[in-house]
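Each remark here refers to the structure printed beneath this line.
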Amino acid sequence: MDKIEVIVRASQLHGKEEMARLSERIISDISSAGNLKMEEVQFPSGEGIAAILVLTGGVEREVLKVASQMPSPIILIAHPAQNSLPASLEILARIRRDGGDGEILFGTPDRIADELKKELTINAAWEALRFSRVGLIGDPSDWLVASDVDPAFLKGQMGIDLVKVSIDELVEETSSHKASRSAISQFTKPAASIEEPNKADLSGSVAIYNGLRSIVDRYRLSACTVRCFDLLDRLHNTGCYALSRLNDEHVIAGCEGDMQAMFSMYLGSLLTGGASFMANIASVDKEEQKMVIAHCSCPLSLASGFVIRSHFESSIGVGIAAKIPPGPCTIFRLGGERLDRLFVREGEITGSLAREDLCRTQVSLSIDGSLDPLLSSPLGNHHVLIPGHHRDEIERFFSRFLAQ
């Protein structure tokens, strides 16, 4: 739901008409600042987001009674008059003392609206993630020894159905879905150049997309991860283009059967509405706080341009050498069998590289914050890059729904 319910509480010592005008003005100002749907209610319905507008002092116990019927975290809206903020501070202190959680939104209407928008985004992401269907196509790659997720946790705690599909089914689907000239042109026409791949490689990469898209549609998958290296032997091609295009079509698609990376991509997409880049950590400079990440598949919506290359490790089929433009970014990963660990940092994309000893899409990053955990207590190899600074939303989502 995109509506925010607002429960208003004011002391009876103040005039009802005056307080009604004040609450109406505050709610209207916040709503207009963020183009939000806000509705004053007496008690929360239990659906969507609810906030308590602490209009005056003297309502601490009354607000605590309302808060006891609401899920954590409790959102308190305060304003700079009528002892609203002093009351809110006392209320939140008691909520936290009793083991609850919450926050006080205080400041300009724009600032409060921005915080409420984050809450709407986080809530919507959780609602979309729960009870979804995700696919594991083939087993995780043999070298992924720390990147699995407990299926019982997914089903029992999150209601997520893990659909297992054999790699044989993908091969069969690919063989029955030929690539049209227009579909091949859709891939190749925007490319700056085509280097190693021949026509058969390009046609085959589009056929793999067709086969994978068919499986996604058949099993109604919101996300999937593929044991893609098996395709090198079975089809003499790669899934790099197929995964790239699916991500641009808002179907989360990860490499190598990495479940933790797939859920990281899924969360990144739900919180930002855009695609993400799943990559290897190629190098880390702790002192300079710089990184290089690389992979052979990248959503083209993230790129300012791209070259069609072969797959790096095998020199077979199709890989994508994309240029991701400079700008703010967030790199993160969910880890653990129950997705109860998190690494997240913000930074800047500083450029794209073209080394021949790394996977084809190569991105250099400058990171805010320590990179020591990557080398001392890593969650695994694959991490996820998303444009923009989104650490706050990721950490809020994680602490609210995943942290144990």
Q. How many residues, within the range 318-343, are part of a loop (DSSP other than H, G, I, E, B) and either of a type in the set (A, V, I, L, M) or at negative phi (or both)?
A. 8
**Q.** Check on Ala81, assigned to a helix (DSSP H, G or I) and small (Gly, Ala, Ser)
**A.** no
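Can you find even one residue in the range 295-316 that is in contact with a His (Cβ under 7 Å, 6 or more places away or on another chain), of a type in the set (A, V, I, L, M) and buried (at least 24 other Cβ atoms within 10 Å of the Cβ)? Give the derivation first.
First pass over the range 295-316, keeping only residues in contact with a His (Cβ under 7 Å, 6 or more places away or on another chain): 296, 316.
Filter once more, so that each one left must be of a type in the set (A, V, I, L, M): 316.
Right, trim to buried (at least 24 other Cβ atoms within 10 Å of the Cβ) and you get none.
For the range 295-316, residues in contact with a His (Cβ under 7 Å, 6 or more places away or on another chain), of a type in the set (A, V, I, L, M) and buried (at least 24 other Cβ atoms within 10 Å of the Cβ): absent.
Of the residues Ser28, Ser23, only one is of a type in the set (Ser, Thr, Tyr) and in contact (Cβ under 8 Å) with a residue 12 or more places away in the chain; which? Full working, then the answer.
Numbers: Ser28 fails: in contact (Cβ under 8 Å) with a residue 12 or more places away in the chain.
Every option except Ser23 fails the conditions.
Gly48 - would you say it is in contact with a Lys or Arg (Cβ under 8 Å, 6 or more places away or on another chain) and on the phi > 0 side of the Ramachandran plot?
On the way: in contact with a Lys or Arg (Cβ under 8 Å, 6 or more places away or on another chain): yes; on the phi > 0 side of the Ramachandran plot: yes.
The answer is yes for Gly48.
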Q: Give the range 264-300 a look and list any residue that's in a helix (DSSP H, G or I) and under 19 Å from Ala128 (Cβ atoms), or say none.
A: Ser264, Met265, Tyr266, Leu267, Gly268, Ser269, Leu270, Leu271, Thr272
Q. When you scan the range 98-174 for strands (runs of 3 or more DSSP E) that lie fully inside it, which ones turn up with 3 or more residues that are outside the structural domain of Gly274 (by TED's automatic domain parsing) and under 30 Å from Glu39 (Cβ atoms)?
A. 102-105
Q. Restricting attention to the range 146-168, which residues are touching a residue at least 60 places away in the same chain (Cβ under 8 Å) and of a type in the set (Asp, Glu)?
A. Asp148, Asp150
Q: Among the numbered conditions (1) over 18 Å from Ala282 (Cβ atoms); (2) in contact with a strand residue (DSSP E or B) (Cβ under 9 Å, 6 or more places away or on another chain), tell me where Ile367 comes up short.
A: (1)
(Q) Please go through the range 22-37 and give me each residue that is touching a helix residue (DSSP H, G or I) at 6+ places or on another chain (Cβ under 6 Å) and crowded, with 21+ Cβ neighbours inside 10 Å, ordered by number. (A) Ile30
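The values are calculated or read from the model by the stated rules, or taken from the named source; none is laboratory data. The structure displayed is predicted, hence computed values, not measured ones. Heads up, the Cβs are rebuilt from the backbone with ideal geometry, glycines too, and the neighbour counts pull from every protein chain shown.
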